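Q: Dumping the structure here so I can ask a few things about it.
The values are calculated or read from the model by the stated rules, or taken from the named source; none is laboratory data. Keep in mind that this is a model prediction, so the values were computed, not measured. Here the Cβ is made from the backbone with ideal geometry for all residues, glycine too, and neighbour counts use every protein chain on show. Just so you know, the surface numbers come from the protein's heavy atoms only, side chains and all, with ligands and any DNA or RNA stripped out. Shrake-Rupley method; radii C 1.70, N 1.55, O 1.52, S 1.80 Å.
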Amino acid sequence: MGRCDKCVLISVATIRDRHFQHRESLRALKVSAETGCSLCNLFWTQLKNSCTKRAIDMHLVDRKCPNGDRTNTKIYLTGDLQDPGSGFLNQSFNQGSHVWVSAGEIDEQSSDPNVRITTCLQVFTEPGTPAAEYMPGRWLGTRGNLDQRLAMVNSWTRECIKHHVKCGGDLFREMPTRVVDVGDPINSKSPSLLLTNGLHGRYVALSYSWGPGIRPQVRLLESNLEDLRRKIPENELAQCHQEALQLTRLLGFRYIWIDALCIIQKQVTREDWDKEALKMTQTYGNACLTIVAGWSDNCQNSFLDMPLDRVTCADRKLCCDLDYSRPDLVERKNITRRGAGRSRPDIRRKGTKRGSRKRRQKYKKRLFNKMHSHRVWVTKEMGKCYVGPKRSIDPGAVDKRAWCFQESILSRRMIIFGEEQLSFKCQVFEQFEDGSAREIKGAQNTRYITSEFSFLQSGIGVEEGKLRVLRRWYEMLSRYQERLMFDPFDLFAALSGIAQIVQRVLECRYLAGLWEDDMIKGLLWRSALLLSGPKSHTLLRRPKRTIFVDGKVVDSKEVVRAPSWSWAAVEGPVQHLSSERRELMYRNVAEFKCWPVDEVKNRWSQDDSNTYMTSITSCELQIQGNLKKVRRSRVPASRYTKRPKWAYSLAKIKKHCVLLEPDLPLGEAPDLVSYDHIVALGLFDIPNEHATFSCMRLISLEGLILIKNEQGKYLRLGVFCVEDEAWFQDGVVEQIQLI
């Protein structure tokens, strides 16, 4: 495809740091695209993909905005480049070099998506070209170009090792119990399994998804341990494992840790699996680099070369080249010409006396020389750069797997083969193939966990430090519970590495995902239905164990993997109370309305065997508090006219909550008109048909909905908010067992 008369004039110099008018209207851009201009076709295609149909139609027919204003329909290009010659460098550093295409100047864009016409295109260069010295963006793709991708990985890694003290340098560290020696095919040395026995060295780790019901053909078993120590049949390995070994050699490492080859699988007692699961902090934390097979959702597939039918990013053929030039600073030497000083106005330094002629002349001469010794901008031609569609920074399938959650947090450095591009993450920076980069801060993306928890070295008080740790813990739990898991009983094991770090700080017992020193707030988790956003549309459910045969589901049944009072008893989005604003309510002893039976030692459970971090299917809490019997009201919450005390949207409360009233004896009918009989609003974890149950307040305004089983013990059904505080004041304190 050729270019129209307008696009022939476009280069980096014409759009750099300015609003360049390209077309008179969106209609003119569309016509030019349809008549064969490659650059107009790129702009038009991206605008169609980025903007709403309503906004496109409005601009095509030149209609007025809904508020009566007529929009600026001229198409502008604005270059926002990340190179030394750009004035927007500081603002665009997080996004990489890009070009804005907009109807009207980009600064004047409406916030209404039904009016706004704007899209963003990325600018990149080819490796090895003159422009590549200044423009960091590349388009290496998700297939091929392995040498170029390796060069980028090595560049990122060297930079991190050299400058990022927080990332731990390149020191030899203790290796896991077993690692794979990748061997040397050139010298006919096959890979083998190595028992390290505390050996220190440099190694990489692999983070990947096994796939639903997939079991690699070659994996470590008790029966083949000695065979794999002698030789690992590389050609029989899963494709993901083969490529991981290949990449390890090319990156200059000798050892790699892969769970399927370094942890004994299918062991009857699961002794080795439990032991190694508790070492994830060291396994990924000591690795010099973690290779993340990001987009691949199956270990049988390649992660270095995405199949053509899986390629989601725009075709490279859609990209267009632009002439690249950059302003270059050239130092200009002193210029002195006879009589030049007489043409300048008299400049007197502030505070200089009128009579000190010699001093004044000396200052004027120094100022004149300074003003004639300066740097000037000279345009320097640097060949070609390219403009193309903006690519996603999504890592891919691993970002949805539960096991990969803690691996991403515990790793010091990661190289990620993502859905549409390569990226690098360490404890200081995230860098992407397209040239974008951002600094990792303490609370960003739940990363940098070890530094965040090292509050004692940063001068923060112990109590304040523990509060910060708890907030981070609850934030991470909210993200973790959105992840998928093939085996529901792996839930605690896949979080054990992070839990160990938190426990070293809090110095208290870990009971089925809750911390004993923060039990009140921990017990008050709830369904995310009352929140806003996408989480509020998903109902909680009981975990199921799915049985696969040849990758197909053949059976699925509900299982109990945790006590009813633990967030681990359900699957789906859960709200944990981590808000600083309301934190005082959940930590103020005066607000507490229930206590552990063993108040002296503050022990909520007497069974120490239930504090394991890899598997906690049952744990009994001994609690004392005031139990009140209630029942579900016949009045739906949608008809409730009083203002609820719960700090949630009224519409959400009416949709998802139930009204609770006292469980009165027969014949004592409540007043259904005034709503004075309503004592609480209830939110069930999972919708149920129970008519009567008990309520126990944990704090003044909130508590748990419980039901008694045949053994006289209680199970959790949900949470409630008090509407009638006076009614809850009455009653006798009881001791119960919550299971």
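Q: So for the pair Val559, Ala590, with labels modelled 7 Å out along Cα→Cβ, what separation do we get in nm?
A: 4.7
Q: Pop out the ³J(HN,Hα) list for segment 512-523 in order, Karplus 6.51 cos²θ - 1.76 cosθ + 1.60 with θ = phi - 60°, rounded to Hz; leave Gly and Pro as x.
A: In residue order, the calculated couplings are 6, x, 10, 9, 4, 6, 9, 5, 4, 5, x, 6 Hz.
Q: Related question: Report the full-extension gain for the segment Gln242 to Leu539: residue separation times 0.36 nm, less the Cα-Cα distance, to one decimal in nm. If you can, show how the numbers build up before the last one.
A: Numbers: separation 297, 0.36 × 297 = 106.92 nm, distance 4.00 nm.
The span from Gln242 to Leu539 would gain 102.9 nm if fully extended.
Q: Whole-Hz ³J(HN,Hα) for each residue in segment 383-388, computed from phi via Karplus 6.51 cos²θ - 1.76 cosθ + 1.60 with θ = phi - 60°, x for glycine and proline: what do you get?
A: So the Karplus estimates, Gly and Pro as x, are x, 10, 10, 10, 10, x Hz.
Q: Could you size up the charge dipole of segment 473-630 around its Cα centre, putting +1 on the beta carbon of Lys and Arg and -1 on that of Asp and Glu, and report it in debye to the nearest 20?
A: Working: 22 positive and 20 negative charges, 119 e Å.
It comes to approximately 580 debye.
Q: What is the sum of charges, Lys and Arg at +1 and Asp and Glu at -1, for the other residues whose Cβ falls under 9 Å from the Cβ of Asn626? It would help to have the intermediate numbers written out before the result.
A: On the way: positive: Lys593, Lys628, Arg697; negative: Asp730, Glu734.
Within the 9 Å Cβ shell, the charges total +1.
Q: Which of Leu683, Val732, Ile623 sits closest to the plus end of the dipole of segment 621-738, meaning its Cα is farthest towards the positive end, when Lys and Arg get +1 and Asp and Glu get -1 on the C-beta?
A: Leu683
Q: Can you list the residues, at least 5 places off or on another chain, whose amide H is less than 5 Å from the amide H of Gln122, using H built in the peptide plane?
A: Val99, Gly388, Lys390
Q: Something else: Taking R0 as 35 Å, what's the FRET efficiency between Asn49 and Glu463 from their Cβ-Cβ distance, rounded to 0.05?
A: 0.10
Q: Residue by residue through segment 216-232, which ³J(HN,Hα) values in whole Hz follow from phi under the Karplus form 6.51 cos²θ - 1.76 cosθ + 1.60 (θ = phi - 60°), with glycine and proline marked x?
A: x, 4, 9, 8, 6, 10, 4, 6, 10, 4, 5, 5, 6, 5, 7, 6, 9
Q: In terms of modelled amide H atoms, which long-range or inter-chain residues lie less than 5 Å from the amide H of Arg18?
A: Gly79
Q: May I pose another question? Would you please state which residues of segment 108-137 a label at Asp321 would reach in this model, taking the label point 7 Å out along Cα→Cβ and a backbone N cut-off of under 15 Å?
A: Within reach of a label on Asp321, which here means backbone N under 15 Å from a point 7 Å along Cα→Cβ, segment 108-137 contributes 124-132.
Q: Per residue, how much accessible area does segment 621-738 have with a 1.4 Å probe, in Å²?
A: On the way: 5720 Å² over 118 residues.
Ligands and nucleic acids excluded, the figure is 48 Å² per residue.
Q: Using the beta-carbon distance between Asn602 and Asp487 and R0 = 35 Å, what value does 1/(1 + (r/R0)^6) give for FRET efficiency, to the nearest 0.05?
A: On the way: r = 34 Å, r/R0 = 0.97.
Working from the Cβ atoms, E equals 0.55.
Q: Let me ask something additional. Pop a pseudo-label 7 angstrom from the Cα along the beta-carbon direction at both Arg230 and Ile547 and give the gap in nm to one decimal.
A: Label-label distance for Arg230 and Ile547, simple model: 3.7 nm.
Q: With charges set only on the Cβ (+1 for Lys and Arg, -1 for Asp and Glu), what does the dipole of segment 214-299 come to about its Cα centre, in debye to the nearest 20?
A: Working: 11 positive and 12 negative charges, 38 e Å.
Charge dipole of segment 214-299: 180 debye, to the nearest 20.
Q: Another question, then. In Å², what does the accessible area per residue of segment 483-566 work out to with a 1.4 Å probe? Don't jump to the answer; show the numbers that get you there.
A: Details: 3420 Å² over 84 residues.
About 41 Å² of surface per residue is accessible.
Q: Using the Cα atoms of segment 621-738 to build a convex hull, what is its mean projected area in square nanometres? If you can, show how the numbers build up before the last one.
A: Values: hull surface 30.5 nm².
Answer in nm², one decimal: 7.6.
Q: Which FRET efficiency value, to the nearest 0.05, do you get for Ser615 and Glu105 by plugging their Cβ-Cβ distance into 1/(1 + (r/R0)^6) with R0 = 56 Å? Don't jump to the answer; show the numbers that get you there.
A: Numbers: r = 60 Å, r/R0 = 1.07.
Calculated value: 0.40.
Q: Let me ask something additional. Multiply the residue separation of Ser155 and Thr641 by 0.36 nm, subtract the distance between their alpha-carbon atoms, and state the gained length in nm to one decimal. Please list the in-between numbers first.
A: Values: separation 486, 0.36 × 486 = 174.96 nm, distance 6.36 nm.
Net length gain for the segment: 168.6 nm.
Q: Sticking with this structure for a sec: For His677, enumerate residues with amide H under 5 Å from its amide H, sequence gap 5+ or separate chain, H modeled in the peptide plane.
A: Under 5 Å from the amide H of His677: Asp671.
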